[in-house]
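Quick one: this structure, given as structure tokens, is what I'll be asking you about.
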Amino acid sequence: MTEAATRRTPGTPCWTSLMVHSLAATQDFYHSLFGWEFTPGPQQLGAYVRAVQGGRPVAGLSELPPERHLPVAWMTYLASDDADETAEMIRACGGTVAVGPLDAGEAGRMLIAADPEGAVFGVWQECTYAAAEPGAPGTPVWHELLTRDGAGVLKFYKMVFGYQSEPATPEEPGCRTLRLDGRPVCAVQSVGDALPRDRGPYWMTHFAVDDVDETVRRVTALGGQVVRPPSRGASGHRATVRDPEGAAFTVVRRAEG
């Protein structure tokens, strides 16, 4: 029996993807790290595969053309009921639309955009597959925008997606949680000058793991790097790492309760 996909509230993170220079090597890394398997993705997206965990999709991987020497980064997609309407809102609120909106076969309709500070994100309409259960090891569990001026860019996301915001926790004074219908869905973290000038603002994907310390050891053994060593806080045990191509992501074991 095929399980129906759950429709996501517009503005909710619904997908994450990564464009890389070597698709085969990246597949090997994440298979070894998270146990992901891979299936072909929509042909309209070119050299693209879906990472699968427990028989359900968790992320997308695609290969950059050889002549495109771009930095590699995970990209968060936000749900939309109408990608074309969302594209117009993005432009009207000071953002830019770089790709699309375009059809991606049965997967729906998508676009790639940037907010006024330059952080790249995607928008996806009509995801028609059932994603892996959130919280299972190797699945995305949280998305956070790291930017220099969170207060300024927050207005953009509120206008486009209708978020409500509130301070996250006392231990993260520069972080604001974004909510939809009272439910926390993602966050904006102001990091000021701590964000490297050559990096720019970006969305960070958090993946669930059973053991943060062991995952960090595997990352380095597989050719990745540690950006922020494991630490414990109110939201759980976490660390930030980079894969061999330089894409940063956070691994987290959330606090119980």
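Using Cα springs under 10 Å in a Gaussian network model of the chain, which residue among P40, P140, P101 shows the largest mean-square fluctuation?
Comparing P40, P140, P101 in a Gaussian network model of the chain, the most mobile one is P40.
Suppose R0 equals 51 Å. What FRET efficiency, 1/(1 + (r/R0)^6) with r the Cβ-Cβ distance, do E166 and H69 give to the nearest 0.05?
E between E166 and H69, to the nearest 0.05, is 0.80.
Compare R109, R242, R217 in a GNM of the chain, Cα atoms joined below 10 Å, and give the one with the largest fluctuation.
Answer for the Gaussian network model of the chain: R217.
Place a +1 charge on the Cβ of each Lys and Arg in the chain and a -1 charge on the Cβ of each Asp and Glu, then give the dipole magnitude about the Cα centre in debye, rounded to the nearest 20.
480
Take every DSSP beta bridge whose two residues both sit in the chain, then give the antiparallel share in percent to the nearest 5.
Antiparallel: roughly 80 percent of the beta bridges in the chain.
From the Cα gyration tensor of the range 40-91, with a ≥ b ≥ c the square roots of its eigenvalues, which class applies: rounded if a/c is under 1.5, or else prolate if a/b is larger than b/c, or else oblate? Could the numbers behind the result be given before it?
Values: a/c = 1.99, a/b = 1.21, b/c = 1.65.
In terms of gyration-tensor shape, oblate.
Another question, if that's okay. Within the set of other residues whose C-beta is less than 11 Å from the C-beta of W15, count the net charge using Lys and Arg as +1 and Asp and Glu as -1.
Numbers: positive: R8, R50; negative: none.
After counting each charged neighbour, the total is +2.
If you don't mind, there's one more thing I want to ask. Using a basic spin-label model with each label point 7 Å from the Cα along Cα→Cβ, how many nm lie between T220 and E85?
5.0
Over all Cα pairs of the range 134-257, how is the pair count split among 10 Å bins, expressed in % and running from 0 up to the last occupied bin?
13, 42, 35, 10, 0
Could you size up the charge dipole of the range 150-203 around its Cα centre, putting +1 on the beta carbon of Lys and Arg and -1 on that of Asp and Glu, and report it in debye to the nearest 20? Kindly include the intermediate steps, with their values, before the conclusion.
Values: 7 positive and 6 negative charges, 45 e Å.
Using only the charged Cβ atoms, the result is roughly 220 debye.
Scan the chain and report its longest stretch carrying no GluC sites (Glu not before Pro) that are both in a DSSP loop and have at most 14 other Cβ atoms within 10 Å.
It runs 68-170.
Take the alpha-carbon positions of the range 63-196, form their convex hull, and give its projected area averaged over all directions (one quarter of the hull surface) in nm².
Averaging across all directions leaves 9.8 nm² for the Cα convex hull.
No value in this document is a laboratory result; all are computed from the given coordinates. Because the structure is a prediction, the values reported are computed rather than measured. We place every Cβ from the backbone using ideal geometry, glycine too, and count neighbours over all the protein chains shown.
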